[in-house]
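The values are calculated or read from the model by the stated rules, or taken from the named source; none is laboratory data. Values in this document were obtained by computation on a predicted structure and should not be read as measured data. Don't worry about glycine lacking a Cβ; one is built from the backbone with ideal geometry, like all the others, and counts go over all protein chains shown.
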Amino acid sequence: MNFLRGQVCSILRRPLYRHFAIARPFTPPSQLASFDPSRPKELDESTVDALVDEAEEEPEDGEGVEDDQPKSHPESSSFYTARPSYYDNILELQNAISRTRGSLQRLHLLPLPEFARKSLKPMPTVWKTPEEMTADFETNMTISRYRRVTTLLNELNEYYRIATTAGYPDIAERIGSIVTMFESGKKEAYLARGVRKRIHLDQHGRSYTFGKRKTSTARVWMIPVKEVATKAFGLDNTPSRPPVNVTASTILINNLSIAEYFPQPLDRERIVRKYNVFIIVRGGGTTGQSGAIAHGIAKGVFAHDPETGTVLKRGPRDPRMVERKKTGLAKARKAYTWVKR
């Protein structure tokens, strides 16, 4: 079959020729004997008149064409971008920030020192989710686009805090109208998360709190001790009641007991606090019950003295339910059986 390869290749490389002319007009077979291709075809008068009328009706290039309606310009400069609505809103936010910054600089409120910035009125806000902003911006709000919008809104909200704290309600009102447009409708519910209800005292001045640790629960009632007025010397000759010996827990301060470190009773009372505590504890063991009691007492101290909230919030409830497993042990405390060999 190899001897046919040269012939096949020569045939495939040979150009194809059409055996008739494309420009040749069609002639019926009956008129082929009298057809002369060198002589042009004669047109009748009706055909000539029709061609002349058609040529007169068609205007030349650039003549006879009147623009009845002027070309309309795009409404936005971002019309030819892929996301005109998104870029229009970005430009509006940038312009609002620029105008607000200029107003605050003319009022000598910017740049703000660091100590003055820390004293601004806190105004936490919650912006709309990317899904909600997708409908407002009429484009798919990706993470980068959402971050760009929230960065501008946070800067605008910072100027809103400055204007409100400085006492310029007209500027704050203009900024607030823009900030409110992008705030979430669930702002109040979101900010209320993690805010604990205030513990109220009853008519006797008692606080009731609830502590938890592991599987133990403790109900704690605390009431401050009433200060007894010291009687004047020599006014009452009746003998006083004998003191009651109360067993106290050991408190060490700088490796010394509280009685040795503070010999004065008044100093010890400042540490122990003047509270009578009544507790009902259930469930768990001694470790869990003591942790639940401490948790309930901490809540009660905060109810009687709210100023201690900053310190007490640094030590929240221990969420651990079981003791962790130790290396080299079977479980938290269980050891493997000792084998001599």
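Here are the numbers for the structure shown:
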| quantity | calculated |
| --- | --- |
| Set PRO124, PRO113, PRO224: member being within 27 Å of THR310 (Cα to Cα), in contact with a strand residue (DSSP E or B) (Cβ under 6 Å, 6 or more places away or on another chain) and at pLDDT below 90 | PRO224 |
| Criterion: part of a loop (DSSP other than H, G, I, E, B), touching a Phe, Trp or Tyr at 6+ places or on another chain (Cβ under 6 Å) and not assigned by TED's automatic domain parsing to the domain that holds VAL301 - qualifying residue of THR139, THR150 | THR139 |
| Residue identified as assigned to a loop (DSSP other than H, G, I, E, B) and either under 30 Å from HIS295 (Cβ atoms) or out of contact with any Ser or Thr (no Cβ under 8 Å at 6 or more places or on another chain) (or both) among LEU110, LEU104 | LEU110 |
| Near pairs, Cβ below 6 angstrom, 6+ apart or cross-chain, from the range 113-130 (at negative phi and touching a residue at least 12 places away in the same chain (Cβ under 8 Å)) to any residue that is small (Gly, Ala, Ser) and assigned to a loop (DSSP other than H, G, I, E, B) | VAL126/SER184; LYS128/SER184 |
| Verdict on ALA218 being modelled with pLDDT of 75 or more, assigned by TED's automatic domain parsing to the domain that holds LYS128, among the small types (Gly, Ala, Ser) and surrounded by 10 or more Cβ atoms within 10 Å (Cβ to Cβ) | no |
| Residue in the range 231-250 that is at positive phi and modelled with pLDDT of 75 or more present | no |
| Condition broken by GLY167, with the remaining ones in (1) at positive phi; (2) not assigned by TED's automatic domain parsing to the domain that holds PRO130 satisfied | (2) |
| Among (1) surrounded by fewer than 18 Cβ atoms within 10 Å (Cβ to Cβ); (2) not in a helix (DSSP H, G or I), the one test that THR209 misses | (1) |
| Enumeration of residues in the range 273-320 that are at pLDDT 85 or above, among the charged types (D, E, K, R) and surrounded by 11 or more Cβ atoms within 10 Å (Cβ to Cβ) | ARG282, LYS299, ASP305, ARG317, ASP318 |
| Every pair of residues 6+ apart whose Cβ atoms lie under 6 Å, when the first sits in the range 171-182 and is on the phi > 0 side of the Ramachandran plot while the second is modelled with pLDDT of 90 or more and assigned to a loop (DSSP other than H, G, I, E, B) | none |
| Hits in the range 67-101 - residues which are in a helix (DSSP H, G or I) and aliphatic (A, V, I, L, M) | ILE90, LEU91, LEU93, ALA96, ILE97 |
| Single match in GLU131, GLU183, GLU173, GLU188 (criterion: charged (D, E, K, R) and under 20 Å from LEU110 (Cα atoms)) | GLU173 |
